[in-house]
1. With a ≥ b ≥ c the root eigenvalues of the C-alpha gyration tensor of the stretch A:97-220, is it rounded (a/c under 1.5), prolate (a/b larger than b/c) or oblate?
2. With label points built 7 Å along Cα→Cβ from the Cα atoms of A:Asp28 and A:Lys246, find their separation and express it in nm.
3. Which three extents, in whole angstrom, do the alpha-carbon atoms of the stretch A:1-113 cover along their principal axes, largest first?
4. What is the pair-distance distribution P(r) of the stretch B:11-115, computed from all Cα-Cα distances in 5 Å bins starting at 0, with each bin given as a whole percent?
5. Within a 10 angstrom radius of each residue's Cβ in A:94-101, how many Cβ atoms of other chains show up on average? Whole number is fine.
6. For A:240-252, what's the mean count of beta carbons from other chains sitting within 10 Å of each residue's beta carbon?
7. Using a Förster distance of 60 Å, how high is the FRET efficiency between A:Asp155 and B:Arg133, based on the Cβ-Cβ distance and rounded to 0.05?
8. Picking from A:Cys92, A:Cys220, A:Cys207, which is most flexible by a Gaussian network model of chain A using Cα springs under 10 Å?
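Every read-out reported here was derived from the displayed coordinates using simple, explicitly stated rules and does not represent laboratory data. None of these values were measured; they are calculated from a predicted model. Because the Cβ atoms are built from the backbone with ideal geometry, glycine has one as well, and the counts that use them run over all protein chains shown.
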Amino acid sequence: MTSKRIIPQFLLSGTRLVKGTRFSGFIDVGDPVSQAMIYDAQGADEVIMVDINASAEHRLIDTRLIGRLIEKCRLPITIGGGIRSVEDAERCFAAGADKIVINTHVADTPGLVEDLSDEFGSQSVVVSIDVKKRGDGEYSIHVLSGKKPVSQPLDAYLGRVIGSGAGEILITSIDREGTLTGFDLPLYRHLGKNLPVSLIGSGGAGCYDDIVALFRETSCDACTIGKMLFLRDYDIVRIKSYLTEKGITIRDA
Amino acid sequence: MKIGIINYGRSNIGSVRSALRFYNFDTCDIKEASDLRTADILVLAGVGNFAAAHSKLTTLGFWDALDRAVMAENTPILGICLGMQMFFEKSFENGEHSGFGWIAGEVKKIEAPLLKIPHIGWDAVVPSQQGDRLFSQIKFNYYYFMHSYHCIPKNPGDIAATTDYSGFRFVSAVRKDTIVGVQFHPEKSQIDGLRLLKNFVEMVS
């Protein structure tokens, strides 16, 4: 069985690593390259790095940073932030990205998912969707780092991006993000059913048992972790060792 | 011993270069077919779809030159992911396309209704032969995969390793003399991957 993946998620503001709560109140938590080297050495399964201001500022993530990362790290690197065309993606791949992740421009650029998956293959295209739970229990999609709502219902949106060639889906619960209160399990339980591509759960990881619950109770293939690594006393080695002990299939490293 | 990494605009050569340099191997980027002879060992990686990579290699004049370097001059070569798939006779990715044909067999889509496609993540690679030098002194033999297509060699003797993706068993490494192909990404697979790259270079040197 393919191992469940533990993915440190790096949010960038310019070239610095930041962390907030529910997509606001960001504070500086270090240098992305030195942090990536640490998690690589600890056996993280991947790193996802996204420039959270790129789309709003109509620019692409600083691709020089990708070059610095691949000089020092030997793990798969997914890059996002402001990618709105095949040319943008090409610049990220040329700099050393293994996969690209798109979010805001999936909603405002028709055909983007198709174009990217045709050109680079589905395996290189991750679609990221940020959701908020509404009063009626349904989820609404937001783009531009949670600032702009999208009218399309989540299930229909998901069906469309998968049909267009998304190779993996990253779903972040804005309500849980940075709160350390655990993943939104009902969300992933609902979405995970019969999903034909990999699902990455994101938002809320705060302790070992939050990750155990996600992998036991949902069909997520991977999870991202942020604050518990950057601002709490956790590391990848101990997380993996705990999950293995709980019977979750994890890669030794 | 110079390792030439084929740079045809469709591969993540930076990571391959950085991984090979970890062990201080002498690497160079091969941007033109005429530079192929400056390398003692070749590496062909690849991102994207088969037809696009084939057309890039052909346009840049690499296709025939690579065929000559490997077939006539016996230059050792490592194919990574799509690079490995191009070693085969043909691929059925979006139609039917001819490959180099160095290894007999075909490339087909992973057909497994209950599995998530593309196959993305870390899985175990099981060498066909005990004591295979390609996999020597490797601790876990876990490597990173990201692919929707897999190689089906005609001759079982060309199979160097297989991988079980939740019940779907496929060929994850092939070898025919000094032609070696891996479906996974050793350059992205931390310590095990670095060691495998070193083993390959030492094996064919």
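1. Cα axes put the stretch A:97-220 in the prolate bin.
2. Result for the modelled spin labels: 3.5 nm.
3. 39, 35, 30
4. In order of increasing distance, the bins hold 2, 11, 21, 24, 19, 12, 6, 3, 1, 0 percent.
5. Other-chain Cβ atoms within 10 Å of each residue's Cβ, averaged: 4.
6. 1
7. 0.75
8. A:Cys207
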